[in-house]
Amino acid sequence: MSSLKIGTFEEYQQAYEHSVNQPEDFWAGIADNFIWKKKWDNVLSWNFKDPDVKWFEGAKLNITENCLDRHLETLGDKPAIIWEPNDPNEKSRTLTYKELHREVCQFALVLKNNGAKKGDRICIYMPMLPELAIAVLACARIGAIHSVVFGGFSAQSIADRVNDAQCNIVITADGGFRGPKDLPLKPVIDEALTQCSSVDKVIVFKRSSTSVNMTKGRDIWWQDEIEKLNNNAECPAEEMDAEDMLFILYTSGSTGKPKGVVHTCGGYMVYTGYTFANVFQYNQGDVYFCTADIGWITGHSYIVYGPLSQGATVVLFEGVPTYPNAGRFWDIVQKHKVNILYTAPTAIRSLMSSGKEIPAKYDLSSLKVLGSVGEPINEEAWHWFDDNIGHNKAPIADTWWQTETGGIMIAPIAGVTKTKPGFATLPLPGVQPILVDENGKEITGNGVSGNLCIKFPWPGILRTTYGDHERCRQAYFATYKDLYFTGDGCLRDDDGYYRITGRVDDVLNVSGHRIGTAEVENAINLTQGVVESAIVGYPHDIKGQGIYAFVIAPDAKGDDSTCNAILASVTKVIGPIAKPDKIQFVSGLPKTRSGKIMRRILRKIAEGDTSNLGDTSTLLDPAVVDEIKNGAL
Ligand code: PRX
């Protein structure tokens, strides 16, 4: 059995070589660090054409036994989750591994008592409470497939996701608290479910004690159901095949509605545990704080599964970085003596704008490792984080990965890999990146840029998009033959270090959230009076990218009420995170003769770079460009 953890750069290099030369042997060694009800017959079989990727075929396991049961003897009384509420005056709550195990088993029984069984899809729409992690793990315990929907999404988004996966149960809360706002959840679910016939049970956790409607026969209270168990907490873990689905998580692409990215039990467990232990160099006793929401992949992989499989102590925070003030993160670090902090560039930039005097008021000396994820981190933010938070002694792991990759792919191993501001540095052992040009031809050597692809499978790779395998093939495996295409542009510098430069497709990254242009345009086009629209991203100081909408609405030029109606429509169809920052009314859009919108031109105008718009002669109506340019916001 090879150990999970790499401790020196030399070991990193050896592990990397091993992972390329003998991938199956390498991954079998890593997988040996987990508990299996039955070991695999075959480590890997794959092709990227169909695609068809299987890891640890024939193995049997339950991920919750790895995250909970196996720690009970040695780490049973160790905190697994430290919950920090939105309001600093409310008491924080700690669940030891024993307590978490018990609560997961109990809620798993509640699910069973309400008809849930292996293979069912269960939608979870909850605030950042320990119960969100408990609900996720309880699904995994009984072999139900969870589909977590971020608490900021609208009723329409929930309905689309519930219908796509045909969920039969929804788990939610009455309401939640995020910053100064009350978050209504149950009313949003009620609205969503008017469109969903597959759901027959809604389990509601009482958090905000706001009054909500409970539909008889369908809606039940979490707490009442637990009481009914009379303290029974025996729930053996369902035996799962390594390739059984563990969860679905919806994410935006460049076309159509969000896709349900599917991850499976065995490979995802191995990959998240391995990457967590290595990148953050977690040592027993460390307190780890990941500021993401469990509604996104970062929360799935690095609040729930990765850290818990490694017996870590995780801080789970209900609120936002700026409430009640911009010192909230630092207050949490000081209070819980956080050793490892994993956050997003957008949070760093927003806290940076409040001044370095704020973090200076707190004792941050416990911090040993910092992490960043979700979007490119600009050098200014990198240095601010390094100087004012890590005090130049906590290495920054800039981690590049995606919902589809399941876990971190390119990142420094803290304290092992030399860092460089703005660079995700080097691929982890097991990850084989390749840069290609537009035609899929490999760009070799250093000091080059291209489209980032991965040429060999890793255990955390998505297996399909739920209910539509062809869409998975089209989106990730059809652009370049025999390669997984990430959608990102990338630079490999003279040292062979990787810097992700951003999406090369029509996907925006707004405050670290992936937003598909087509989705936002569809939402805008539903507004009365709107004929057509095109959205592009533009550089935004805090959000990384802002959303710039060009809208044709002939009767409503510059009209505030149309703007408000557009914002309301986007909020209703997707959620507030996708609201455009700028709306420019135009009389036409730059289109090619075949009717394709030339986004390149719109992007330049939105960026304020109109000096060189390139060749516009192939446009159907070149004059429209001048009009748009002159009216730019
Ligand atoms: O463009 C890349 C960007 O976020 C995209 C993935 O988004 P999502 O699936 O929502 O997952 C976010 C959390 C893993 C990528 O295609 N991205 C993510 N991390 C980085 C990044 N861009 C630059 N640097 C990163 N460290």
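Points to keep in mind about this one:
- Here the condition is being within 13 Å of the ligand (Cβ to nearest atom) and either among the hydrophobic types (A, V, I, L, M, F, W, C) or open to solvent by 30 Å² or more (accessible area, probe 1.4 Å) (or both); of TRP400, TRP384, it holds for TRP400 alone.
- Output for the stretch 287-296, where each listed residue is open to solvent by less than 10 Å² (accessible area, probe 1.4 Å) and either within 13 Å of the ligand (Cβ to nearest atom) or in a loop (DSSP other than H, G, I, E, B) (or both): CYS290, ILE294, GLY295
- Residue that is farthest from ILE454 (Cα to Cα), among those in the stretch 50-70 that are open to solvent by 50 Å² or more (accessible area, probe 1.4 Å) and assigned to a strand (DSSP E or B): LYS60
- Scanning the stretch 301-328 for residues that are closer than 24 Å to LYS181 by Cα and within 16 Å of the ligand (Cβ to nearest atom) yields one hit, ILE303.
- Some residue of the stretch 309-326 being part of a helix (DSSP H, G or I), hydrophobic (A, V, I, L, M, F, W, C) and touching a strand residue (DSSP E or B) at 6+ places or on another chain (Cβ under 8 Å): no
This table checks each residue for (1) among the polar types (S, T, N, Q); (2) within 21 Å of the chain's Cα centre (by Cα); (3) farther than 22 Å from VAL625 by Cα.
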site: GLU470; (1), (2), (3): no, no, yes
site: TYR497; (1), (2), (3): no, no, yes
site: VAL507; (1), (2), (3): no, yes, yes
site: ILE524; (1), (2), (3): no, no, no
site: THR527; (1), (2), (3): yes, no, yes
site: ALA534; (1), (2), (3): no, no, no
site: GLN545; (1), (2), (3): yes, yes, yes
site: THR571; (1), (2), (3): yes, yes, yes
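- MET245 vs. criteria modelled with pLDDT of 95 or more, open to solvent by 10 Å² or more (accessible area, probe 1.4 Å), among the aliphatic types (A, V, I, L, M) and more than 16 Å from the ligand (Cβ to nearest atom): yes
- Set side by side, the residues SER301, SER365 differ, and just one is assigned to a helix (DSSP H, G or I) and of a type in the set (Gly, Ala, Ser), which is SER301.
- Taking each residue of the stretch 315-330 that is closer than 14 Å to ILE348 by Cα and outside the structural domain of TYR342 (by the TED database) and looking for partners that are at pLDDT 95 or above and not charged (D, E, K, R) with beta-carbon atoms closer than 7 Å, six or more apart or interchain, yields nothing.
- Checked against the criterion of being of a type in the set (Phe, Trp, Tyr), open to solvent by less than 10 Å² (accessible area, probe 1.4 Å) and part of a strand (DSSP E or B), the stretch 201-215 contains not a single residue that satisfies it.
- Among residues of the stretch 484-497 that are outside the structural domain of PRO421 (by the TED database) and open to solvent by less than 10 Å² (accessible area, probe 1.4 Å), none has a Cβ under 9 angstrom from a residue that is away from the ligand (no atom under 12 Å from the Cβ) and modelled with pLDDT under 95 at a sequence gap of 6+ or on a separate chain.
- Looking only at residues of the stretch 354-372 that are closer than 27 Å to HIS540 by Cα, touching a residue at least 12 places away in the same chain (Cβ under 8 Å) and open to solvent by 20 Å² or more (accessible area, probe 1.4 Å), we find that the one that is farthest from the ligand (Cβ to nearest atom) is ALA360.
- Residue satisfying all of: in the stretch 578-600; aliphatic (A, V, I, L, M) and under 30 Å from the mean Cα position of the chain (by Cα); surrounded by the fewest Cβ atoms within 10 Å (Cβ to Cβ) among these: ILE597
- Test for GLY407: is it touching a residue at least 60 places away in the same chain (Cβ under 8 Å), open to solvent by 10 Å² or more (accessible area, probe 1.4 Å) and within 16 Å of the ligand (Cβ to nearest atom): no
- Taken together, ARG473, ARG514 contain a single residue that is basic (Lys, Arg) and crowded, with 19+ Cβ neighbours inside 10 Å, which is ARG514.
- Lone unmet requirement of (1) within 21 Å of the chain's Cα centre (by Cα); (2) more than 13 Å from the ligand (Cβ to nearest atom) for ALA394: (1)
- GLU627, sole failed condition from (1) in contact (Cβ under 8 Å) with a residue 24 or more places away in the chain; (2) under 30 Å from ALA159 (Cβ atoms); (3) of a type outside the set (Lys, Arg); (4) not in a loop (DSSP other than H, G, I, E, B): (2)
- Number of positions in the stretch 506-518 that are assigned to a loop (DSSP other than H, G, I, E, B) and near the ligand (Cβ under 9 Å from one of its atoms): 1
The values are calculated or read from the model by the stated rules, or taken from the named source; none is laboratory data. On a predicted model such as this, the values are computed, not experimentally measured, just so you know. For neighbour counting, all protein chains shown are included, and Cβ atoms are generated from backbone atoms with ideal geometry for every residue, glycine included. SASA here: full protein model, heavy atoms, side chains in, ligands and nucleic acids out. Shrake-Rupley method; radii C 1.70, N 1.55, O 1.52, S 1.80 Å.
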